[in-house]
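The next block holds one structure in the form of structure tokens; read it before the comments.
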Amino acid sequence: MAKAVYPHEVRTNVLSSMYCEMAMESYYNATIKYEEIKNTDCSWACGNQYDAVYKSIISTTIFAAMSIEAFLNDYLAACLGDSEFYGNFDRLSVLGKFELLAVFLLKTPVDKSQSYYSLLKVLFQQRDAYIHSKSKHHTFQGYTEKELEEQHSSSDDLSDTSKINSNDLQEGLNSALDALKAVKNIAEFVDKYDSN
């Protein structure tokens, strides 16, 4: 049985659960809007509907990342003390904070081959890509010439723009679902080693 690590104390400004709920709501909205688009006569080129799904995908990813980072900050500050954590460890990357928690507080090694670690790593790479977004040369629906060439070589019917957008949105939904899986996996990891 896991031992109790997280102290029983009252803390304020704990937002990780709220961020997690916002991520789940955003994912739900993305899936609903995606299904609405698929079931209408409007082509995938309908920008407003496409944008609505994509906004929800981005929100899912951002809020899932915020949920994990807020949780790690709260957990580490509660266990190490606010001044110790915020004075010495607050600037660690999220992966660094997770390893600090796992190795030094939960006394368990981090297995980087496990899904909890790879999902966490990919989530924060995706979050960084959204937060530090970089534009690129525009050709057709935001694809570079090279990406269009790849689409042409892998698609039988290149005049069907719905394939491009449909695949793009489906990949985004898969990525958003992986963001939620990262939250779940980190919670399960911590629950396994801390009875609190």
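Some points to look at:
- Within segment 65-118, considering residues that are among the β-branched types (Val, Ile, Thr) and more than 20 Å from the chain's Cα centre (by Cα), the one farthest from residue 191 (Cα to Cα): 103
- Counting only helices (runs of 4 or more DSSP H) that sit completely within segment 39-117, those holding 1 or more residues that are under 25 Å from residue 21 (Cα atoms) and open to solvent by less than 30 Å² (accessible area, probe 1.4 Å) correspond to 47-80, 94-99.
- Residue 155, sole failed condition from (1) surrounded by 13 or more Cβ atoms within 10 Å (Cβ to Cβ); (2) hydroxyl-bearing (Ser, Thr, Tyr); (3) at pLDDT 85 or above: (3)
- Meets criteria (under 23 Å from residue 196 (Cβ atoms) and at pLDDT 95 or above) for residue 30: no
- Residue within segment 5-25 that is open to solvent by 80 Å² or more (accessible area, probe 1.4 Å), within 28 Å of residue 171 (Cβ to Cβ) and not in a helix (DSSP H, G or I) present: no
The values are calculated or read from the model by the stated rules, or taken from the named source; none is laboratory data. All values reported here derive from a predicted model rather than from experimental measurement. In this analysis, Cβ positions are derived from the backbone assuming ideal geometry, glycine residues included, and neighbour counts consider all displayed protein chains. Keep in mind that these areas ignore ligands, DNA and RNA; they rest on the heavy atoms of the full protein, side chains included. Shrake-Rupley method; radii C 1.70, N 1.55, O 1.52, S 1.80 Å.
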